[in-house]
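The values are calculated or read from the model by the stated rules, or taken from the named source; none is laboratory data. From a predicted model like this one, the values you see are computed outputs, not experimental measurements. No Cβ is skipped: glycine too gets one built from the backbone with ideal geometry, and neighbour counts run over all protein chains shown.
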Amino acid sequence: MSAQEARALYERLKREGEAAGYYLNPDVEFVLDLMEGLLANEQRYGYPSCPCRLAEGIREKDLDIICPCDYRDADLAEYGACYCALYVSEEIARGEKSPQPVPERRGTEPRPPAGEHKEELVGFTRSGIPVWRCKVCGYLCARPQPPLKCPICKADRDRFERFA
Amino acid sequence: MSVAVYTTPTCGFCHQVKAYLTQRGVSFTEYDVSRDPQAAAEMVRLSGQRGVPVVLIDGQVVVGFNQPLLDQLLARQTTRPKLGAMIADAGRITARKRLPLPAGAYVGRVDSGSAAALAGLQPGDVIVQLAGQPVRTDRDVDRIMANVRFGQTVDLLAWRDGQTIRTTVQF
């Protein structure tokens, strides 16, 4: 893991984020530190789990904290930054506001237990093809299986859920 | 005051919170929860969550780099007037460095801008009397300081290179 890799990851997240309306923290040194954290976690666990949360090390248990985490959008909307302050609001990105402490949202809202929705609630097209929703960016598609990577936000296949 | 910081080496706020505590002169024990399963379990039990950093100040839990809350909890601990000098038992310094010092509190370092600095205290001085009471070891200073209030001015006698100097300390 090198400074160049951290820099490359930073450039990629910045480019992809901005194309989708997300902004990285303007403090580049702080972000590069987080990039090293993401790379370290990827090396350690096999997936880039949140640098600011203690991972279990089991992908199924950590799916919600793989960066970008399931809590990013809610925290951006409420606090103007995600828990790590990697992603920030446009005002903060432009330097008009500074990031405030973000309380940990994970675990404060009861997560719907798996299998809560009955099969008939799950969405299909009229032709019977299941509809999948990316839990990271909300992208919807109808196909027999979710894509390997979200074409919009590049999240992995297991971040998709059946759309009801 | 006991301060513990639960961190992972990957988190930006962990680095910031440690830098902040160090800057404020707060000493703390750090636990890397990504390497220390026992500390990790303790952090989850104390804070009910897995986000880092978690700062524990005398049993109070702070999740994240919440500077206003840290300031509030740390302020409770530092509302007493401070001399602002590192002191040690002069007797032990005499024994260790073979310096001919009188009994008292040996001044090792003076914090800039502190009450001690404004009183003209210098490293190498030995406090021999404070607020009219004799000082024979560094512990005497702690004992006397426990009764000092903000706004109070106290006399201080110190030994410096064989001379006794007299000054006043304004708290």
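Here are the numbers for the structure shown:
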quantity	calculated
Selection status of A:Q43, in contact (Cβ under 8 Å) with a residue 40 or more places away in the chain and farther than 21 Å from A:D75 by Cβ	yes
Cβ-Cβ under 8 Å pairs, at least 6 apart or on other chains, the stretch B:14-27 side without any contact (Cβ under 8 Å) to a residue 12 or more places away in the chain and surrounded by 17 or more Cβ atoms within 10 Å (Cβ to Cβ), far side assigned to a helix (DSSP H, G or I) and not β-branched (V, I, T)	B:H15/A:D33
Residues satisfying the stated conditions in the stretch B:122-143, i.e. surrounded by 13 or more Cβ atoms within 10 Å (Cβ to Cβ), over 19 Å from B:D111 (Cα atoms) and not basic (K, R)	B:V128, B:Q129, B:A131, B:Q133, B:V135, B:T137, B:D140
Some residue of the stretch B:46-55 being farther than 27 Å from A:A6 by Cβ, at pLDDT 90 or above and away from chain A (no Cβ under 14 Å)	no
Whichever residue in the stretch A:19-34 is of a type in the set (F, W, Y) and away from chain B (no Cβ under 14 Å) and, among such residues, is surrounded by the fewest Cβ atoms within 10 Å (Cβ to Cβ)	A:Y23
Residue ID - surrounded by the most Cβ atoms within 10 Å (Cβ to Cβ), chosen from residues in the stretch B:45-60 that are under 24 Å from A:C69 (Cα atoms) and under 27 Å from the mean Cα position of the chain (by Cα)	B:V52
Of the criteria (1) within 14 Å of chain A (Cβ to nearest Cβ); (2) surrounded by 17 or more Cβ atoms within 10 Å (Cβ to Cβ); (3) among the charged types (D, E, K, R); (4) touching a residue at least 12 places away in the same chain (Cβ under 8 Å), which one B:D89 fails	(1)
Condition met for B:E42 (away from chain A (no Cβ under 14 Å), surrounded by 14 or more Cβ atoms within 10 Å (Cβ to Cβ) and acidic (D, E))	no
Residue check for B:R136: in contact with a strand residue (DSSP E or B) (Cβ under 9 Å, 6 or more places away or on another chain) and either basic (K, R) or within 27 Å of B:A95 (Cα to Cα) (or both)	yes
Residue check for B:P37: over 20 Å from A:C84 (Cα atoms), out of contact with any strand residue (DSSP E or B) (no Cβ under 9 Å at 6 or more places or on another chain) and within 11 Å of chain A (Cβ to nearest Cβ)	yes
Breaking point among (1) closer than 25 Å to B:G25 by Cβ; (2) without any contact (Cβ under 8 Å) to a residue 40 or more places away in the chain; (3) more than 17 Å from the chain's Cα centre (by Cα), for B:Q170	(2)
Filter result (under 9 Å from the mean Cα position of the chain (by Cα) and among the charged types (D, E, K, R)) within the stretch A:48-70	A:D64, A:D70
Near pairs, Cβ below 7 angstrom, 6+ apart or cross-chain, from the stretch B:131-148 (modelled with pLDDT under 90) to any residue that is among the aromatic types (F, W, Y) and surrounded by 15 or more Cβ atoms within 10 Å (Cβ to Cβ)	B:V148/B:F171
